[in-house]
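Heads up, the thing below is written out as structure tokens.
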Amino acid sequence: MVEDTTHLLDIWVAGWAGCRGYETRKVGRFPAALRADTTGEWEYFAYDPSEPEFAELAAQTAEVPARVLTVLTNDVARYTFLGQQNGLHATSASQTMMIVDMETQDSEDPWLSDDDLRLETSRTDGVHHAVVRAGEETAASGRVFVVGRTAIFDNIVTSPTYQRRGLGSFIMKALAAQAFEHDVDSGLLLASLDGQKLYSHLGWRTVCHVLMLSTSDEGADLSVG
């Protein structure tokens, strides 16, 4: 599977924003999303922008402390340096974009071996949700949104109390089963360091690194909450 990362970024932003109900727009050729539920400000995204493009995005980012510039790249050092030259500092460089061929994923609903746990699935405004509950407590959860033929997975979280019980894999499989209600051929997500191990085990592979820059300390894990 050969991919155009610029195109993948556009798809991921559309799906991530779809999962979270964010407004999006284009800034030149690059996507941006209004993070209404967290910072209340715009986050700009770019894959390997040129120096003039980076400078323009950095200038808009620097106008408001809560804004973030997220660069997808395999040259983190270059853009960290460019950020410093343009008044931004790196707030996160540990995440990666990952992709999977959905043909390699199980299309069947998974089953829970623990009788104390139950799976709940739902769909709201195009967003598919999967939640594993233990009584009234949420043990694990996640969501997926389909853009074209791509399923964008988001906010895959396991409660600390229920970690190391395979629930992350279970949620991913439950979401994949829901994604297959659509005609999908690939999956996309942004993964934290912990997530990268899980997703690699499930057949996902890394496309590039994710560098977040800001004038403040804004910019944390895009893959969760």
The residue that is nearest to Asp10 (Cα to Cα), considering only those in region 69-90 that are buried (at least 19 other Cβ atoms within 10 Å of the Cβ) and touching a Ser or Thr at 6+ places or on another chain (Cβ under 7 Å), is Leu72
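Give the residue that is farthest from Tyr22 (Cα to Cα), with candidates limited to residues of region 138-160 that are free of Cβ contacts under 8 Å to residues at least 24 places away in the same chain and over 17 Å from the mean Cα position of the chain (by Cα). Steps first, please.
First pass over region 138-160, keeping only residues free of Cβ contacts under 8 Å to residues at least 24 places away in the same chain: 138, 158-160.
Among the residues that remain, those that are also over 17 Å from the mean Cα position of the chain (by Cα) are: 138, 159-160.
Numbers: Thr138: 24, Ser159: 25, Pro160: 28 Å.
Filtering region 138-160 for residues that are free of Cβ contacts under 8 Å to residues at least 24 places away in the same chain and over 17 Å from the mean Cα position of the chain (by Cα), the one farthest from Tyr22 (Cα to Cα) comes out as Pro160.
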Note to self: Just to be sure before I move on: is Val184 assigned to a strand (DSSP E or B) and not assigned by TED's automatic domain parsing to the domain that holds Tyr47 in the structure I sent?
What the structure shows: no
Over region 18-34, the set of residues part of a strand (DSSP E or B), out of contact with any helix residue (DSSP H, G or I) (no Cβ under 6 Å at 6 or more places or on another chain) and either at pLDDT below 95 or buried (at least 19 other Cβ atoms within 10 Å of the Cβ) (or both) is Val27, Phe30, Ala32
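A quick yes/no check of all residues on (1) in contact with a Gly (Cβ under 6 Å, 6 or more places away or on another chain); (2) among the charged types (D, E, K, R); (3) within 14 Å of Thr121 (Cα to Cα):
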site	(1), (2), (3)
Val146	no, no, no
Thr158	yes, no, no
Ser169	no, no, no
Ala174	no, no, yes
Asp183	no, yes, no
Gln196	no, no, no
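What tally of residues in region 142-161 results from selecting those that are among the small types (Gly, Ala, Ser) and over 15 Å from His128 (Cβ atoms)? Reasoning before the result, please.
If we filter region 142-161 for residues that are among the small types (Gly, Ala, Ser), which is where we start, we get 142, 148, 151, 159.
Within this subset, residues satisfying the condition of being over 15 Å from His128 (Cβ atoms) are 148, 159.
Final tally of qualifying residues: 2.
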task = Would you confirm whether any residue within region 148-169 is over 17 Å from Ala191 (Cβ atoms) and assigned to a strand (DSSP E or B)?
result = no
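Here's the yes/no breakdown for (1) outside the structural domain of Arg20 (by TED's automatic domain parsing); (2) at pLDDT below 95; (3) out of contact with any helix residue (DSSP H, G or I) (no Cβ under 9 Å at 6 or more places or on another chain); (4) hydrophobic (A, V, I, L, M, F, W, C):
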| position | (1), (2), (3), (4) |
| --- | --- |
| Leu69 | no, no, no, yes |
| Gln85 | no, no, no, no |
| Ala130 | yes, no, no, yes |
| Glu137 | yes, yes, no, no |
| Ala140 | yes, no, no, yes |
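The values are calculated or read from the model by the stated rules, or taken from the named source; none is laboratory data. Everything numeric in this text was worked out from a predicted model, so none of it was measured. Quick reminder, even Gly has a Cβ in these numbers, built from the backbone with ideal geometry, and neighbours come from all protein chains shown.
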